[in-house]
Structure formats: C-alpha cells, structure tokens
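So the structure is just underneath, and the comments pick up after that.
The values are calculated or read from the model by the stated rules, or taken from the named source; none is laboratory data. Fair warning: this is a prediction, and the values are worked out from it, not measured in the lab. Cβ atoms come from the backbone with ideal geometry, glycine included; neighbour counts cover every protein chain shown. Ligands, DNA and RNA are excluded from the accessible area calculation, which covers all protein heavy atoms including side chains. Shrake-Rupley method; radii C 1.70, N 1.55, O 1.52, S 1.80 Å.
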Amino acid sequence: MLAKRIIPCLDVKNNRVVKGKNFENLVDAGNPVELAKKYNKQGADELIFLDITASIENRKTIIEMVKLVAKQIFIPFTVGGGISTIEDIRNLLSAGADKVSINSAAVKNIKLIEEAANTFGSQCIVIAIDAKKKIGPKEKESWEVYVNSGKIPTGIDALEWAKKVESLGAGEILLTSMNKDGTKSGYDNDLTNIISKAVNIPVIASGGAGTLKSIEETFKNGKADAALAASIFHYDTYTVKQVKTYLKNKQVEVRE
Amino acid sequence: MIAIIDYGSGNIQSIKNALDYLKVESTITSDPKIIESADKIIFPGVGSFGYMMDQLNKKQLIKPIKQSIAAQKPFLGICLGLQALFEESEESTNVKGLAIFKGKVKKFTKGKIPQIGWNTITPQNTNNNNNNIFSKGYTYFVNSYYVIPEDKSIIATKTNYFGNFTSAIQYKNITATQFHPEKSGEFGLKLLRSWLKC
C-alpha cells in the first residue's frame, strides 16, 4: 500500500535556510542543497521549500536554488511562498520543482487554481490552507481560512474552501493549523480528519509536530496522507529515520 | 547518446538531471532525426493521454518512436510513456494510443485519486524477459490511471493500490514504468543505472 509520507519543511531566505521561532530571531541554518541532501539521506519522502521573503528580487535567487536542488536530489520537492501568477509557476517548474504550493493568491484569485491545474496538471498544484479554529461549541467546530502568513482572516470556512480547491483542480492540500503551529503540542487532528475525509485528494498535515506519538496520531486520528514537520528536524530533536522507525513499530506504513 | 523525447509537456528536466548525475550523455529533443540517430530512447510522459497523442501526431514523433522500438533500441517509457504503448485509455476515449501492446488504460476506482506517494513494486517471475532489472522496493508514483496488458507475460512488476495493478512492463527492448525512477531516490537511480547497462 501507499506509504505515509514524512516531509521536512525548510524556510528559505536569500538563498539560505533559516531557523527561527514564530518567524522571529532568524538564524542562518545553512545551504539549502546540503540540508536537502541531509534529509534525503535520512529518508525524507519529499521536501518543501518555503520562500519566506518572497520579494521580487528574491524570486531569482529561489529559481537558482531550485535548479541546484534539482540536480542533486532525486525525490519530489515542492516550492511555496509568494507564488501569484502562472508565470511564477512555470519558472519554478522549469527550474526543476515538482510541485508548487499556492496560498494567499489562490484565495484572492480562485481562477489561478483552475488555470494552473489546466496548464500544468493537478499533480503539481498544492493548495496551502492556513486555518484557525473558530470559537464556538464543540459539536459545531469550524475553522477559518487566513491569508498573508496568517495575518488576515478571510471569513472563508476551511472545510468549504478545501472542497472548493479540489473541485477547481488542486492535486493536494497542505493544511496548517495556526493554533498548533510552532507549539509542538501535536497536530490539529480534528481539523485534518474533517478535511481529509471530505476530499478525495491527499492532505498534508502541518503545524504542531512535537513528539513521535503526535506524528503517529495525525495519521491514525487525523487521517493525514503526509505529515510535515520543521523544527523537530531543524533542531535535530529527531531524525526522519527515527520518526519512521517509530511509525513502523506502530503499524503505520512508511518507506524505509 | 540517449534521446529524451519532448512533446512539449511537463517537467522532463528531472530525467535529464538524473542522467547528468549518473554521468550519461543525453539530450532533450523533439527532432525526429535526433531520435532516429539515438542509441537509446527515454519517453517521459506528463499531462493527459489525449494531449500527449495529439502532440506526438503534430510533432511527427509517432513514426520515429515506432521505428526505434522496431529497431530494437533500448526504450524506457515513464508514467504516461508507459500508457502510450497501449491501444486506448479511459482518460481520452476517442484517442488511439501507439498500440505497441494490446490492452487498455483504466482509471483507479478506489482510494484517493491521483495516487501520490511512495508505493512498493514487486517483481513478477512470470515476466518473459530474462534480464529483469527490477527488485522489490518503494518508488514514487503520481497516477490516476494504470495499464492492463492483454499479454500478462510482459508484466514486470505489480503494486497494490486498493488492489494490484501493473506498475512496470518489460518486453525485449522495451521497459516502461508507471512510477518515476528519476524521483525515487537512490532506489530509482539504481534502477536507471541497470537500465542503462541493458
């Protein structure tokens, strides 16, 4: 059967990987190619690079980075951050990215999803959803979509949005819980579960990876198809291999 | 020299990158003459079955592909490049494939579609090819469709996605995979190396 995927996420700024906490106190964490190689060696199933500056002049440096990674790493990789046009997508894919992740621009211009899927195929269009839990009774749980790195609420319901992006041709959903992000207290499995069951495309759970058990739970309770994690790998709390060995012992199918 | 056939779709740079990494000379081309003069052919496919066949027609690539196969040149089809070898596909019902093999391309009916991720290929000892390059292991898939060959002896590997499907075939000089060896890490590179030695 299809293995559950473990995906390290690397934040990239000015062609370097940076580490920080809640986007503050950023410190240099090294060369993207070297870190990609390291995670690849540990058994990462995919990599996600997130351009956290996403300024116009930085677009070119990201393209150069993508080219370098694509020449050395032979596992799928996704690039996200600041993508807003078909041209942006074309440039990244021709540089060697396998998929692109689109967030704010998809909300602002839903036609972009359809156009991107029709032009390049659904398989390379990942829609990133940043969702925050709304205050209300447990039996009527709901989540709201935020854009611009979680700064702007949109009033859009995350579940409805997930179904919508699927119908427009998204190939995968990268679902980040804003409540859990950076907390290491476990993924929001209620959110992941409700969305994973509602759509027929893979859902990547993100936000909250902490203990090994939290990753197991996002697969078992959240029904996630893949789990993204950043800080636990950046700070060497666990290697990808340790995560996979643990999951295998818990009867979660993983690639070894 | 290896010709990587480009019919104007998707990311075929990754297969070129993998061959560069393996220090093997290759060229991405849609020129029938270059394809005719190549020693080996790689046919990576991305997009839809109908669009692919339409482009192959327009770029007059069908004849050089069929001739290369008939001339016993080692041929590697990847993803849609496997599906193209069959007669027809549920994806584009009124379009004819290359029909090198008898059989159809069908859509998955269970599980999330497309299948995206790593799945196990299991070599089939019923395969006629005495130089089976496949071993058991995880490879990277992105597919909604799979082939059903009429001649079961060409099936080289099978994979389980809510039921077994054919994930690679081998017949004489023809090798074709539903998965992406160029995106299957060390295991995939090893497989490409074995094919290059054929």
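Restrict the check to segment A:151-163 and report whether at least one residue is touching a Cys at 6+ places or on another chain (Cβ under 7 Å) and either under 21 Å from A:V66 (Cα atoms) or basic (K, R) (or both).
no
Among (1) of a type in the set (S, T, Y); (2) under 28 Å from A:T53 (Cβ atoms); (3) within 16 Å of the chain's Cα centre (by Cα), there is one condition A:T119 misses while meeting the rest; what is its number?
(3)
Given the conditions (1) over 23 Å from A:P8 (Cα atoms); (2) in contact with a helix residue (DSSP H, G or I) (Cβ under 9 Å, 6 or more places away or on another chain), which single one is not true for A:P137?
Of the numbered conditions (1) over 23 Å from A:P8 (Cα atoms); (2) in contact with a helix residue (DSSP H, G or I) (Cβ under 9 Å, 6 or more places away or on another chain), the odd one out for A:P137 is (2).
Just for segment A:211-243: of the residues that are of a type in the set (G, A, S) and open to solvent by 10 Å² or more (accessible area, probe 1.4 Å), which one is nearest to the chain's Cα centre (by Cα)?
Ranking the candidates gives A:A230 first.
Pick out the one residue from A:T218, A:T237 that is at pLDDT below 95 and either within 14 Å of another protein chain (Cβ to nearest Cβ) or within 22 Å of A:G43 (Cβ to Cβ) (or both).
Sole residue among the options that is at pLDDT below 95 and either within 14 Å of another protein chain (Cβ to nearest Cβ) or within 22 Å of A:G43 (Cβ to Cβ) (or both): A:T237.
With (1) in contact with a Pro (Cβ under 9 Å, 6 or more places away or on another chain); (2) free of Cβ contacts under 8 Å to residues at least 12 places away in the same chain; (3) away from chain A (no Cβ under 12 Å) as the list, and B:N125 as the residue in question, which single condition is left unmet?
Against the list (1) in contact with a Pro (Cβ under 9 Å, 6 or more places away or on another chain); (2) free of Cβ contacts under 8 Å to residues at least 12 places away in the same chain; (3) away from chain A (no Cβ under 12 Å), B:N125 comes up short only on (1).
With the condition being charged (D, E, K, R), on the phi > 0 side of the Ramachandran plot and within 14 Å of chain A (Cβ to nearest Cβ), I'd like the strands (runs of 3 or more DSSP E) fully within segment B:1-102 carrying at least 3 qualifying residues.
Once the strands (runs of 3 or more DSSP E) in segment B:1-102 are filtered for at least 3 residues that are charged (D, E, K, R), on the phi > 0 side of the Ramachandran plot and within 14 Å of chain A (Cβ to nearest Cβ), nothing remains.
Only one residue in B:F108, B:F75 is modelled with pLDDT of 95 or more and buried (at least 19 other Cβ atoms within 10 Å of the Cβ), so which one is that? Give the derivation first.
On the way: B:F108 fails: buried (at least 19 other Cβ atoms within 10 Å of the Cβ).
Answer to the check: B:F75.
Are any residues in segment B:1-47 open to solvent by 30 Å² or more (accessible area, probe 1.4 Å), polar (S, T, N, Q) and either farther than 22 Å from B:V142 by Cβ or under 14 Å from the mean Cα position of the chain (by Cα) (or both), and if so, which ones?
Within segment B:1-47, B:T27, B:S30, B:S37 qualify.
Go through segment A:82-102 and give me each residue that's assigned to a loop (DSSP other than H, G, I, E, B) and either within 11 Å of chain B (Cβ to nearest Cβ) or open to solvent by 40 Å² or more (accessible area, probe 1.4 Å) (or both).
A:G82, A:S84, A:T85, A:G96, A:A97, A:D98
If you take the residues of segment A:65-81 that are among the β-branched types (V, I, T) and assigned to a loop (DSSP other than H, G, I, E, B), which of them is farthest from the other protein chains (Cβ to nearest Cβ)?
Taking the candidates together, the pick is A:I73.
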